[in-house]
Amino acid sequence: MEFLQGRALLNAIGNLELTGAYAEALSKLGHDLENVAAQEADAALGNGGLGRLASCFLDSLATLNYPAWGYGLRYRYGLFKQRITKDGQEEVAESWLEMGNPWEVVRNDVSYPVKFYGKVVSGSDGKRRWIGGEDIRAVAFDVPIPGYKTKNTINLRLWSTKVLSEEFDLSAFNAGEHTKANEALSNAEKICYILYPGDESIEGKILRLKQQYTLCSASLQDIIARFEKLSGKHVNWEDFPEKVAVQMNDTHPTLCIPELMRILMDVKGLSWKEAWNITRRTVAYTNHTVLPEALEKWSLELMQKLLPRHVEIIEMIDEELVGTIIAECGTENPGLLEKKLKEMRILENVDLPPAFAELIKPEEDPVASSEKEPETSKELDINLEDEPHNLQAQENNEELPEPEPEPPKMVRMANLCVVCSHAVNGVAEIHSEIVKKEVFHEFFKLWPEKFQNKTNGVTPRRWIPFCNPELSKIITRWIGTEDWILHTDKLAELRKFADNEDLQTQWRAAKRSNKMKVVRFLKEKTGYVVSPDAMFDIQVKRIHEYKRQLLNILGIVYRYKKMKAMNSAERTAKFVPRVCIFGGKAFATYVQAKRIVKFITDVAATINHDPEIGNLLKVIFVPDYNVSVAELLIPASELSQHISTAGMEASGTSNMKFAMNGCVLIGTLDGANVEIRQEVGEDNFFLFGAQAHEIAGLRKERAEGKFVPDPRFEEVKAFVKSGVFGPYNYDELIESLEGNEGFGRGDYFLVGKDFPSYIECQEEVDEAYRDEKRWTRMSILNTAGSHKFSSDRTIHEYARDIWNIAPVGVP
């Protein structure tokens, strides 16, 4: 659903090994390469780690000479451009396409019909046909992705939506009904307006579902058209899974499954059995999250209205699944069978298919059965007001209880993915274990061979040599070759030089040079002046409660409060100077995340204008964080925070980018942090917090009222409530950390539980940073240990274990 590409120019000339020649040519024309590159707008096609991972994968696929394409949507206004005002985050539309996009090639000759609504009818041949409804066209825009040191260039095909000219209502327009005349075009175009449109309204839900189906339908039609063209006159559909692998990134492209089935059966004339066999061998699913809200569910009623044929196919798949579960589990233990069906079915709160309804009857509660009053025709005629219990209720002015509303009927997209995919993978070792033991446990017991781990990776090209050329030169000089850019395992050779004074001196000089760039950038973007002598402490990622930017800023508040209680000499002796940098977007309708942004900016305004504190502590929120900003901040970083509640971050990839650039991490044992810590060494990673296996017990303890908060945590909350950071009412934000349970209460993300261990760990950070040689050694060992986190390795593993293709011509 998203590709977070960043700027293309430096990446393209870097992959073509033309950076020096290109810079020289520009210089002769009176231009500076860095200034020219800065004119390019970041492509607004993504937002977070999911989109950036997809872009890293494209770079590796091209570099490693795999025949692969990416498919997405061409969003006109992106997610949003973030502005920071006195009220916090403000969202405005992205303007990246206003001057056109020189990197794309419009393919007006490549377009496909996409249908919504309508009805399904049976033809004279007995086949089902989807007719009527609303028809649009998806038009291809191609973005070339060049590989590094290879002639291979692959394609990112983005779909834009429109309607045919005949859909324009000329008579309505000439009658002055201009809006009505343009309604069809407007409905089509808005599908590609915004990435992740708000879906709290029914209109928002319809738009999101239209986006997902447009992506799946247009892409599959394109894949099938290319397969048929290359097959020539004799198309053997059995060969399709041997030639095509469709990797679904998260649940957004789940509709690939019923859409491939529909095309194969309704358009190409295959039987259900043939289409089902081909589909299951073609599609694979990568799970990127354990958060329940991200394991998408769609209203069955909405989907029936918008995609009636697909619901028929999903119902048939669900029926196949029910049959498989019953065959596996048997009917001897109805309670166990009912539990499995409730957890595993694709259709939630939907009656069993008629073929199985008689096999499974819910067990009758004997107590309830004995209390049940007989419903004879005589008793049914009695006026309820004459019943003694109702008379009593009337005398007490009590209302009779409302009947419980029926739970909504839903389509569980993640379950559909698992059932129909031949492979299911998580994206870090700990995440893949959670997927098997918790998220999809019953499926894992049924099909253990499906489940795999594929730890994420990032492209080393963009994230070391292209964004940090000074460090890159140092690495090449000490390793003796630049082969490490393709074979990152060679980075491990830096370990033997970690204590070398010459390397340490060069290493620190490169880091300071990068910090100076950030000093200038922050002055330009925020007006704040920071010292390059301070530690640069950075947390940049999507704003979400589980990522715990709140824990970070409350730690800063604690630091500030302690500073204020000391005199100048004590402060200087106790604390290492820090510049604490935040960046990231809060989703437009995520109120609590936006409160966190507001809180960070209020704390920043107070601390940064406190003359007593000066350069000992600065807090900066960088507006409109994107790939280009990351390429500036990451090379300059010295400490990076990856502090999610354990078990909630699938992998994370920014942690890998920071480690590659010699940044020391502070974090929990979550996502890829676990594997990074193993590689860089326990002494070179600052660890704190509860572990994943403890989280459920800690939440239960909290719900039972047994949690006793640390006095330092209570002190910080009281300090915030005192109004020291301005007049804004932070009660709802702070109250989310209080109480034992309930919506918006009970500290679900365990900020209070981990706070003491976090601030104690930060004291260890200060102590290590004071020892320049020790810190530089840790920095070098982080770069050396990042060798396993190249997306090249990840792609090779997907190709070998999931797509079943051998590497061809791999450098």
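Can you find a residue in the stretch 497-509 that is open to solvent by 40 Å² or more (accessible area, probe 1.4 Å), in a loop (DSSP other than H, G, I, E, B), at positive phi and without any contact (Cβ under 8 Å) to a residue 60 or more places away in the chain?
Within the stretch 497-509, none of the residues are open to solvent by 40 Å² or more (accessible area, probe 1.4 Å), in a loop (DSSP other than H, G, I, E, B), at positive phi and without any contact (Cβ under 8 Å) to a residue 60 or more places away in the chain.
Tell me whether the stretch 581-593 contains one or more residues that are in contact (Cβ under 8 Å) with a residue 60 or more places away in the chain, touching a Cys at 6+ places or on another chain (Cβ under 8 Å) and not acidic (Asp, Glu).
No - not one qualifying residue is present in the stretch 581-593.
Can you name the residue in the stretch 126-166 that is surrounded by fewer than 18 Cβ atoms within 10 Å (Cβ to Cβ) and hydroxyl-bearing (Ser, Thr, Tyr) and, of all such residues, is nearest to Ala68 (Cα to Cα)?
Ranking the candidates gives Thr153 first.
Out of the residues in the stretch 311-334 that are open to solvent by 20 Å² or more (accessible area, probe 1.4 Å) and part of a loop (DSSP other than H, G, I, E, B), state the one that is modelled with the highest pLDDT.
That would be Asn333.
Looking at (1) in contact (Cβ under 8 Å) with a residue 40 or more places away in the chain; (2) under 28 Å from the mean Cα position of the chain (by Cα), can you tell me which one Phe719 breaks?
Every condition holds for Phe719 apart from (2).
Being under 27 Å from Glu675 (Cβ atoms), open to solvent by 10 Å² or more (accessible area, probe 1.4 Å) and at pLDDT 95 or above narrows it down to one residue among Glu797, Glu772; which is it?
Exactly one residue qualifies, and that residue is Glu797.
Report whether or not Phe599 is closer than 18 Å to Leu733 by Cβ, open to solvent by 40 Å² or more (accessible area, probe 1.4 Å) and not basic (Lys, Arg). Steps first, please.
Values: closer than 18 Å to Leu733 by Cβ: yes; open to solvent by 40 Å² or more (accessible area, probe 1.4 Å): no; not basic (Lys, Arg): yes.
No: the conditions fail for Phe599.
Take Lys753 and tell me if it is more than 27 Å from the chain's Cα centre (by Cα), in a helix (DSSP H, G or I) and either surrounded by fewer than 19 Cβ atoms within 10 Å (Cβ to Cβ) or not small (Gly, Ala, Ser) (or both). I'd like the intermediate steps shown before the answer.
Details: more than 27 Å from the chain's Cα centre (by Cα): no; in a helix (DSSP H, G or I): yes; either surrounded by fewer than 19 Cβ atoms within 10 Å (Cβ to Cβ) or not small (Gly, Ala, Ser) (or both): yes.
So Lys753 does not fit the description; no.
Looking only at the stretch 108-140, count how many residues are not acidic (Asp, Glu) and not in a strand (DSSP E or B).
Summing the residues that are not acidic (Asp, Glu) and not in a strand (DSSP E or B) in the stretch 108-140 gives 8.
Any residue that is open to solvent by 10 Å² or more (accessible area, probe 1.4 Å) and among the polar types (S, T, N, Q) - is there at least one of those in the stretch 68-82?
No; the residues of the stretch 68-82 include none that is open to solvent by 10 Å² or more (accessible area, probe 1.4 Å) and among the polar types (S, T, N, Q).
Suppose we filter the stretch 726-735 for residues that are surrounded by 13 or more Cβ atoms within 10 Å (Cβ to Cβ), within 22 Å of Tyr590 (Cα to Cα) and touching a residue at least 60 places away in the same chain (Cβ under 8 Å); how many remain?
Residues that pass the stated criteria total 3.
One line per residue, one yes/no per condition, for (1) of a type outside the set (Ser, Thr, Tyr); (2) more than 30 Å from Gly6 (Cα to Cα):
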{"site": "Leu416", "(1), (2)": "yes, yes"}
{"site": "His422", "(1), (2)": "yes, yes"}
{"site": "Val427", "(1), (2)": "yes, no"}
{"site": "Glu433", "(1), (2)": "yes, yes"}
{"site": "Lys450", "(1), (2)": "yes, yes"}
{"site": "Thr455", "(1), (2)": "no, no"}
{"site": "Glu470", "(1), (2)": "yes, no"}
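Every residue in the stretch 280-301 that is modelled with pLDDT of 95 or more, part of a helix (DSSP H, G or I) and within 26 Å of Gly51 (Cβ to Cβ), please.
Across the stretch 280-301, the qualifying residue is only Thr282.
From the list Glu741, Glu767, exactly one residue is assigned to a loop (DSSP other than H, G, I, E, B) and open to solvent by 80 Å² or more (accessible area, probe 1.4 Å). Which is it?
Glu741
Could you tell me whether any residue of the stretch 84-107 is at positive phi, surrounded by fewer than 19 Cβ atoms within 10 Å (Cβ to Cβ) and either at pLDDT below 95 or not in a loop (DSSP other than H, G, I, E, B) (or both)? Before you say what the answer is, go through the steps one by one.
Of the stretch 84-107, the ones at positive phi are 88, 100.
So of that shortlist, the ones also surrounded by fewer than 19 Cβ atoms within 10 Å (Cβ to Cβ) come out as 100.
Restricting the remaining residues to those that are either at pLDDT below 95 or not in a loop (DSSP other than H, G, I, E, B) (or both) gives 100.
Yes, that holds for at least one residue.
Within the stretch 253-260, can one find any residue that is in contact (Cβ under 8 Å) with a residue 12 or more places away in the chain, open to solvent by 50 Å² or more (accessible area, probe 1.4 Å), part of a helix (DSSP H, G or I) and not small (Gly, Ala, Ser)? Give the steps one after another, and end with the answer.
Just the residues of the stretch 253-260 that are in contact (Cβ under 8 Å) with a residue 12 or more places away in the chain, to begin with: 253-260.
Checking which are open to solvent by 50 Å² or more (accessible area, probe 1.4 Å) leaves us with none.
There is no residue in the stretch 253-260 that is in contact (Cβ under 8 Å) with a residue 12 or more places away in the chain, open to solvent by 50 Å² or more (accessible area, probe 1.4 Å), part of a helix (DSSP H, G or I) and not small (Gly, Ala, Ser).
With the stretch 335-422 as the region, which helices (runs of 4 or more DSSP H) entirely inside it contain at least 3 residues that are modelled with pLDDT under 95 and open to solvent by 80 Å² or more (accessible area, probe 1.4 Å)?
By residue number, 366-371, 377-380, 388-395.
I'm trying to understand the selection: among the residues of the stretch 161-186, which are outside any helix (DSSP H, G or I) and either within 39 Å of the chain's Cα centre (by Cα) or more than 23 Å from Pro113 (Cβ to Cβ) (or both)?
Across the stretch 161-186, the qualifying residues are Thr161, Lys162, Val163, Leu164, Phe168, Ala175, Gly176, Glu177, Asn182.
What pairs can you find where one residue is in the stretch 427-453 and under 19 Å from Tyr798 (Cβ atoms) and touching a residue at least 60 places away in the same chain (Cβ under 8 Å), the other is outside any loop (DSSP other than H, G, I, E, B) and open to solvent by 40 Å² or more (accessible area, probe 1.4 Å), and their Cβ atoms are less than 8 Å apart, with a gap of 6+ or different chains?
Val427/Asn453; Ala428/Asn453; Glu429/Asn453; His431/Asn453; Val435/Phe444; Gln452/Asp801
Name the residue, out of Lys721, Lys717, that is open to solvent by 70 Å² or more (accessible area, probe 1.4 Å) and either among the aromatic types (Phe, Trp, Tyr) or at negative phi (or both).
Only one candidate qualifies: Lys721.
Please go through the stretch 515-525 and give me each residue that is touching a helix residue (DSSP H, G or I) at 6+ places or on another chain (Cβ under 9 Å) and touching a residue at least 60 places away in the same chain (Cβ under 8 Å), ordered by number.
Lys515, Lys517, Val518, Phe521, Lys525 - these are the residues of the stretch 515-525 that are touching a helix residue (DSSP H, G or I) at 6+ places or on another chain (Cβ under 9 Å) and touching a residue at least 60 places away in the same chain (Cβ under 8 Å).
Which of the residues spanning the stretch 556-591 are assigned to a loop (DSSP other than H, G, I, E, B) and not small (Gly, Ala, Ser)?
Matches in the stretch 556-591: Met566, Asn567, Phe575, Val576, Pro577, Lys585, Phe587, Thr589, Tyr590.
Every residue in the stretch 44-64 that is in a loop (DSSP other than H, G, I, E, B) and open to solvent by 20 Å² or more (accessible area, probe 1.4 Å), please.
Across the stretch 44-64, the qualifying residue is only Asn47.
Taking Ala650, is it part of a loop (DSSP other than H, G, I, E, B) and touching a Leu at 6+ places or on another chain (Cβ under 8 Å)?
Taking the combined requirement at face value, the residue does not satisfy it.
Looking at the stretch 689-735, which of its residues are among the acidic types (Asp, Glu), modelled with pLDDT of 95 or more and in a loop (DSSP other than H, G, I, E, B)?
Asp710
Any chance you could count how many residues in the stretch 199-248 are under 30 Å from Tyr590 (Cβ atoms), open to solvent by 20 Å² or more (accessible area, probe 1.4 Å) and of a type outside the set (S, T, N, Q)? Steps first, please.
So the first thing to find is which residues in the stretch 199-248 are under 30 Å from Tyr590 (Cβ atoms), and the list is 199-219, 247-248.
Right, trim to open to solvent by 20 Å² or more (accessible area, probe 1.4 Å) and you get 199-203, 205-208, 247.
If we keep only those that are of a type outside the set (S, T, N, Q) as well, we get 199-200, 202-203, 205-208.
Counting residues in the stretch 199-248 that are under 30 Å from Tyr590 (Cβ atoms), open to solvent by 20 Å² or more (accessible area, probe 1.4 Å) and of a type outside the set (S, T, N, Q) gives 8.
Starting from residues that are part of a loop (DSSP other than H, G, I, E, B) and in contact with a strand residue (DSSP E or B) (Cβ under 9 Å, 6 or more places away or on another chain), keep the ones in the stretch 543-555 and report whichever is nearest to Lys525 (Cα to Cα).
Here the residue is Ile543.
The values are calculated or read from the model by the stated rules, or taken from the named source; none is laboratory data. Quick caveat, the model's predicted, so the values are computed rather than measured. Positions of Cβ are generated from backbone atoms using ideal geometry, with glycine treated the same way; all protein chains shown enter the neighbour counts. Surface areas here come from the heavy atoms of the whole protein model, side chains and all, with no ligands, DNA or RNA. Shrake-Rupley method; radii C 1.70, N 1.55, O 1.52, S 1.80 Å.
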